[in-house]
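Inspection log for the structure reproduced underneath, given as C-alpha cells.
Bear in mind these aren't lab numbers, they're just calculated from the coordinates by the rules spelled out. Model, not experiment: these values are computed from the prediction. All Cβ positions, glycine included, derive from the backbone under ideal geometry; neighbour counts span all protein chains shown.
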Amino acid sequence: MINITLPDGSVRQYEKGTTAHQIALSISEGLARNVLAAEVNGEVWDSSRPIETDAAVKLLTWNDQAGKSTFWHSSAHIMAEALEVLYPGTKFGIGPAIETGFYYDVDFGDREFSSDDFKAIENKMFELAKQKEVFERKAISKADAIKYFEEKGDEYKLDLLEGLEDGKITFYTQGEFTDLCRGPHIPNTGFVKAVKLMNVAGAYWRGDETRKQLTRIYGVTFPKASELTEYLHMIEEAKKRDHRKLGKELELFAFSEKVGMGLPLWLPKGAALRERLVQFLTKAQAKAGYEQVVTPHIGHKNLYITSGHYEKYGKDAFQPIKTPQEGEEFFLKPMNCPHHCEIYKTKPRSYKDLPLRFAEFGTVYRYEQSGELHGLTRVRGFTQDDAHLFCRPDQVKEEFKKVIDLVLYVFKSLGFEDYVAQVSLRDPENKAKYIGSDENWRLAESAIIEAADEKGLPTVVEYGEAAFYGPKLDFMVKDALGRKWQLGTIQVDYNLPERFELEYTGSDNQKHRPVMIHRAPFGSLERFIAVLIEHCAGNFPLWLSPEQFIILPISEKYEDYAKKVSDELNNSDIRGLIDFRDEKIGRKIRDAEVKKIPYMLIIGEKEMAEGKASVRKHGEGDLGEMTLQEFSELLIKEITV
C-alpha cells in the first residue's frame, strides 16, 4: 500500500501502482470524468500513469492552469495528427501550450499554407476528437527514437533528440500519430469539444535566423462549445479595448519611426493623464515618508559593473556611449537603483536615520528586440515609479508591509480589485543566475513570505522568477476581461548594499549594512497606462479623465454663455472644453461619446435663460437640467481621489 496526501491534508491509502484517475474515481465519478491530469509531488503526470510510492497528489481539472496547459498541449498533438492526415510528409518542430491555447511549428515543404486552410484542419481535428483516441505513453531508447524519426525523415525531431538523455525519452501516440514528447496529456481526445485555429506566422527553427523558417499555427480548444463562444467574444472585446487603438482615437500617445521604435511620444492629453498619475502617487508617497530624488538618464559603465547589471543585462542594453576621453564609456540608464545607492553614500548614515525612502519617476532604457515591442506594454524607453528604501534588518518586514499597503491603495483607487500576489523566489536548481549568499537569500525570502502572510494576501509561489539580486512580490492583476497583468512589484535586496559597500552606524557604534527594498506600484507608467486603458476601455475614472466635461452649444448664439459656464467650472478645478463646431447637436453628442468624455452640457435658449445646462453622462444618457452649482457638486462627489 502507498499513502496519498491530498491538497486538503487528508491521507488515503491505495495499492501501489494506483493511478490518479483511480484516486479520483474513489472520491466521486463526477470528479473522475473531469480529471485531465495530476500533479504528483509537484510534477504534472498523465492521470493514467501508475503511482508507485507515497506521494502528494493534486487532481487537475479545467479549473487549474496546469490542467488547461495539459489540455492545450494535447490539442497541439491533435492538430499535428490532423495535419499529417491532410498534408502527408509534413515535418514537426515543437508544439507547446501557451498562456491561452497552443501552437505547433511545422514544415510543409513546398506547399503553400494560409489561414484559408484553417477550416479543413478544424474539421479534421473535431473528427479525430470525437473518436476518443487514448494518449499512450511509451518509454523508448534513444537509438530507437532516432531510427523512428530517420525513417520519417524528420530532421527537427532528430535535432531535438541530440539534447536528450538516453533512458529519459518518451513517445506519445494517439490514433495513427506518434510524437516525441515528455507529456503529460489528457486521457483521450474526446475531452476536446470545441476547436478554433487563430492565426499563422513564421518562426525560425530554434529561434535562429540562419535556419529554416517554419510555419507556426496557433489554436485554442475548449471542453465546452459555449466556452469557445465566450472566448471569441472576449477577443472581439479586447480588440475594441486595445490600448494602441484607443490611444490613437483619444489622442493620448503616438510612435514615430524617425524618433525610433519603442520610444513613445506623449501627446498633450496623454501627458496630462500621465502627470495626474504622477501627482496622485507623489502625494501618497509624501504621506508615507518618501523623499523625491532625480538622477541622470545615463551612468558610467563602472556604476553598472558594480551593481551587477552590466554582467546580467549588458547584452540587452543599448550600445555604450563613448566619449572623447580614452576608455570612458557611459550607458543609457537601464535601472534607477545603482544611482540611488550612490545618493545614499553622499554622507554618513546613522541607525537613527533609517529607514530612508528615496522615490523617483525615473526614465530607463532597455534594448528590447523589435519583434517583442508592443504598444506601451513593451517599449525601449519607459518611466518607472521607482523607490528604494534603505532600512535596518529589524525594519525590513514592517517596511515591506507598508509598501504592500501603498500598492493596494493604488489598485483600489484605479479599480483593480482582482489580484494575486506572486512570491517570486530564485530557482534552487540554478543559483548561478543570481548574486549573493544563500543566507541573504534565505533572509530576504523569509521576510517577503511572512509579510505577505501577515497582510492576508492571496499568494502563489513561483520558483525561478526572482530578480537576479533578490526575491520579490509581484502583483498579478486581472483586468475587466479576466486577463492577467504583472503590475506592482516589491523586492528585498541584501546584495546591492554589499556591492556598493553601503553602511550605517548602529546603536553599538559599529558599522552595519542596510537592507534595500525596491518597489514600483505602477511598475512603469507606460505599461500601467496601457493596462488601465484596456481595463476601463478608455473610460477613465473622472479624476483622471483628460476632459471631465464638454459644452455643446446648440448654435453660435449661445457661445458666450458656453464660455461663461466653462470659466465657472474651470475656476472650480473642473476641466473641460467647448465644441464650437458648426455641426448639428446630434453629431456633437455622437462625437463626444466616441471621445469618451464623461459629461456633456447641452446649452440652448431655455438653458441660457434659466442659467442651467442639460446634462448627459457618457454611456448613460440624459440626466436632466442642472444649475452649475448642482453639476459641480455632482462631479466633486464622483471624484474620489
Report task. With a cut-off of at most 16 other beta carbons within 10 Å, and DSSP calling the residue loop, which trypsin sites (Lys or Arg not before Pro) in the range 9-54 qualify? Please list them. Result -> Lys16
Report summary line: Expressed in angstrom and ordered largest first, the alpha-carbon extents of the range 449-489 along the principal axes are 32, 25, 15
**Report entry** DSSP-defined beta bridges in the chain - what % are antiparallel, rounded to 5
**Finding:** 85
Query raised in the report: Assigning unit charges at the beta carbon (Lys, Arg +1; Asp, Glu -1) and nothing else, what dipole magnitude in debye, to the nearest 20, does the range 2-61 show about its Cα centre?
Result: 100
Requested in this report: Could I get the Rg over Rh figure for the chain? Both from C-alpha atoms, Rh via Kirkwood, rounded to two places.
Outcome: 1.02
Report task. For an R0 of 41 angstrom, estimate the FRET efficiency from the Cβ-Cβ distance between Lys557 and Leu263 and round to the nearest 0.05. Result -> 0.30
Report summary line: With Cα coordinates, the longest principal axis of the chain makes an angle with the long axis of helix 396-413, in degrees rounded to 10, of 70
Report task. Sort largest first and round to whole Å: the equivalent ellipsoid semi-axes of the range 2-61, each the square root of five times a Cα gyration tensor eigenvalue. Result -> 15, 12, 11
**Report entry** All-pairs alpha carbon distance profile, the range 549-638, 10 Å steps from 0, percent
**Finding:** 18, 58, 24, 0
**Report entry** Helix-derived mean residue ellipticity, 222 nm - over the chain, DSSP H n ≥ 4, -39500 (n - 2.57), to 500
**Finding:** -10500 deg cm²/dmol
Query raised in the report: Summing Lys, Arg as +1 and Asp, Glu as -1, what charge do residues with Cβ under 14 Å from the Cβ of Glu237 carry, Glu237 excluded?
Result: 0
Query - Semi-axis lengths (Å, descending) of the ellipsoid that matches the C-alpha gyration tensor of the range 364-504 - result: 25, 20, 16
Query - Exceeding the 20 Å Cα-Cα cut-off - candidates Lys287/Lys511; Lys168/Lys433; Lys563/Lys612; Lys91/Lys168; Lys124/Lys224 - result: Lys287/Lys511; Lys168/Lys433; Lys91/Lys168
Query raised in the report: How are the Cα pair distances of the range 67-238 distributed, in percent, across 5 Å bins from 0?
Result: 1, 8, 17, 21, 21, 16, 9, 4, 1, 0, 0
Query raised in the report: Quick one: of the DSSP bridges fully inside the range 549-638, what percent are antiparallel, nearest 5?
Result: 55
Query raised in the report: Using alpha carbon centroids, what distance separates the range 27-105 and the range 347-375, in Å?
Result: 41
Query raised in the report: So how far apart, in nm, are the two label points at Asn430 and Ile235 if each is 7 Å from Cα heading toward Cβ?
Result: 3.2
Query - For Lys322, net neighbour charge (Lys/Arg +1, Asp/Glu -1) across residues whose Cβ lies under 9 Å away - result: -2
Query - Listed residues Ser115, Gly95, Ser545: farthest to the positive end of the dipole of the chain (Cβ charges) - result: Ser545
